[in-house]
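**Student:** Before I ask anything, here is the structure I am working with.
The values are calculated or read from the model by the stated rules, or taken from the named source; none is laboratory data. Note that the coordinates shown come from a computational prediction; the quantities given were computed from them, not determined experimentally. Methodologically, a virtual Cβ is constructed for each residue, glycine included, from the backbone with ideal geometry; neighbour enumeration extends over all protein chains shown. In case anyone asks, the SASA skips ligands and DNA or RNA and just uses the protein heavy atoms, side chains included. Shrake-Rupley method; radii C 1.70, N 1.55, O 1.52, S 1.80 Å.
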Amino acid sequence: MKKLIVYYSLEGNTEYIADILSEALGADKLRLTPQKAYANKGFAKFFWGGKSAVMAEKPKLMPYELDNDFEEIIIGFPVWAGNMAPPIRTFVSENKELLKGKKVSAFACQSGSGAEKAFGKLRSLLEINDFHSTAIFIDPKDKPAEENELRLDTFVQELL
């Protein structure tokens, strides 16, 4: 079964997990990049990123190629203000028809909380009842912890 990991990463935590998953699953990766980059530090990072997430904005993305030959998609994102990062919203909106009928899983990276709420919003946007599998990681690159390693191992097993 051909798998694709679609993700957005601002500070590298989501990319860290996507890289590990890609290697463990033999999955292709598609990193989403907004045309206008988000601030990655200080007040601007939280204000503009949070505002963009809460307002359900859909930023324009750099061009990407997407084949229809994958059967499973794994979506990864950082949690911003209890929401998925806006580039994920753009991707899903642009590819809603292509994603229909695919097996979908999701993972979120966060410092605090909100991933469950973000998963709910992503399910709604995808118009699905549930994901095949989900996982939540707490700052996996920046703050390595045994709990994250155990979650990652379990997630990989669920996706195999």
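**Student:** Restricting to the range 73-107, give me the number of residues that are aliphatic (A, V, I, L, M), farther than 13 Å from VAL6 by Cβ and part of a strand (DSSP E or B). Reasoning before the result, please.
**Tutor:** Going through the range 73-107, the residues aliphatic (A, V, I, L, M) turn out to be 73-75, 79, 81, 84-85, 88, 92, 98-99, 104, 106.
If we keep only those that are farther than 13 Å from VAL6 by Cβ too, we end up with 79, 81.
Add one more test, that the residue is part of a strand (DSSP E or B), and what stays is 79.
Selection size over the range 73-107: 1.
**Student:** So, one more: Just give me the residues in the range 88-101 being modelled with pLDDT under 95 and either buried (at least 16 other Cβ atoms within 10 Å of the Cβ) or among the β-branched types (Val, Ile, Thr) (or both), in sequence order. It would help to see each step written out before you state the result.
**Tutor:** Step one: list which residues in the range 88-101 are modelled with pLDDT under 95, which gives 96-101.
Hit for the range 88-101 is LEU99, nothing else.
**Student:** Mind checking which pairs have a first residue in the range 2-21 that is among the basic types (Lys, Arg) and a second that is surrounded by fewer than 19 Cβ atoms within 10 Å (Cβ to Cβ), Cβ under 7 Å, 6 or more apart or different chains?
**Tutor:** Within 7 Å, the pairs are LYS2/ASP69; LYS2/GLU71; LYS3/LEU25; LYS3/GLU72.
**Student:** Can you list residue pairs whose Cβ atoms sit under 7 Å apart, with the first residue in the range 115-142 being of a type in the set (A, V, I, L, M) and the second being part of a loop (DSSP other than H, G, I, E, B) and crowded, with 16+ Cβ neighbours inside 10 Å? Count only pairs 6 or more apart in sequence or on different chains.
**Tutor:** ALA118/GLY82
**Student:** Right, GLU11: part of a loop (DSSP other than H, G, I, E, B) and at pLDDT below 95 or not?
**Tutor:** Against the criterion (part of a loop (DSSP other than H, G, I, E, B) and at pLDDT below 95), GLU11 qualifies.
**Student:** Here is a further query. Working only within the range 2-35, note down all residues that are open to solvent by less than 40 Å² (accessible area, probe 1.4 Å) and among the aromatic types (Phe, Trp, Tyr).
**Tutor:** Correct list: TYR7, TYR8.
**Student:** Something else about it: For the subset of the range 122-152 comprising residues that are open to solvent by 90 Å² or more (accessible area, probe 1.4 Å) and part of a helix (DSSP H, G or I), which member is farthest from GLU94 (Cα to Cα)?
**Tutor:** Among those that are open to solvent by 90 Å² or more (accessible area, probe 1.4 Å) and part of a helix (DSSP H, G or I), it is GLU146.
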